[in-house]
Amino acid sequence: MNNPQVGIIMGSDSDLPVMQAAADFLKAASVSFEIKVVSAHRTPLRMVEYAQSASDRGLKVIIAGAGGAAHLPGMVASITNLPVIGVPVKSSNSIDGWDSILSILQMPNGIPVATVALNGSKNAGILACRILATNDDALADYLQNYQEEMKTAVLQKSRNVEGKFS
């Protein structure tokens with residue numbers, strides 16, 4: 001996309017099925033994004049270049065998904081001043097996802113990474129939009145409407161459940 005505001009990066013293309021939900025939400029919200037494979041371990045210089053150039057390229061938020069040792073979000077956060085949202089990915093070499101969760105969650109003081117649930121990239125997309133919406137009234141309205149739609153859906157489900165027992 002032209003002039004992306006959000007960067008979605010992942011350590012491997014095998015993470016794409018998880019990270020797709022972030023891209024889908026951003027697309028639905030009309031937020032421009034780019035999506036790339038950037039491995040902290042296999043392409044560390046690419047990771048450094050990506051993180052160092054992100055702000056100059058117009059990115060406002062980075063969503064970084066990683067499994068296993070999951071160093072990508074934290075390493076990127078150590079190189080850029082942009083907000084980084086980490087998505088722990090339950091990968092084939094994962095210890096039930098806990099290794100990824102703790103690697104992203106337990107950052108040292110001074111290097112914050114916002115962390116969403118295991119495989120929770122949709123929430124990462126929503127959080128990125130919330131960050132951007134602090135300076136974008138149209139996006140704030142989109143998010144408000146999204147929340148209202150969720151509320152309406154829950155109320156309808158409640159009526160459906162209640163109807164089965166009345």
The exposure ranking of 113, 76, fewest beta-carbon neighbours within 10 Å first, is 113, 76
Ordered by fewest other Cβ atoms within 10 Å, a rough proxy for footprinting exposure, 41, 71 read 41, 71
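Sort the following peptides by mean Cβ neighbour count (other Cβ atoms within 10 Å, averaged over residues), highest first: 19-29, 116-126, 154-164, 44-54.
On the way: 19-29: 19.5, 116-126: 21.9, 154-164: 9.1, 44-54: 16.5.
Put in order of decreasing packing, that is 116-126, 19-29, 44-54, 154-164.
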Among 63, 101, 111, the residue with the largest mean-square fluctuation in a Gaussian network model of the chain built from Cα contacts under 10 Å is 111
Rounded to the nearest 10, the angle in degrees between the Cα long axis of helix 44-53 and the longest principal axis of the Cα atoms of the chain comes to 70
Placing each pseudo-label 7 Å from Cα in the direction of the beta carbon, residue 98 and residue 13 end up separated by a distance in nanometres of 3.3
On each of the three principal axes the extent of the alpha-carbon atoms of region 55-109, given in whole Å and largest first, is 36, 23, 11
Averaged over all viewing directions, the convex hull of the alpha carbons in the chain casts a projected area in nm² of 11.4
For the chain, longest principal axis from Cα atoms; helix 16-28 axis from its Cα atoms; angle between them, nearest 10 degrees, is 60
A correct fewest-to-most ranking of 75, 10 by other Cβ atoms within 10 Å would be 75, 10
Mean separation of Cα contacts under 8 Å (at least 6 apart) over the residue count of region 1-140, i.e. the relative contact order in percent, is 26
For the chain, the longest principal axis of the Cα atoms and the Cα long axis of helix 121-132 enclose an angle in degrees, to the nearest 10, of 80
Residues whose built amide H sits under 5 Å from the amide H of residue 65, excluding neighbours closer than 5 in sequence, are 9, 10, 11, 87
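Coordinate-derived values only; no laboratory data. Worth saying up front: this structure is predicted, and the values here are computed from it rather than measured. Heads up, the Cβs are rebuilt from the backbone with ideal geometry, glycines too, and the neighbour counts pull from every protein chain shown.
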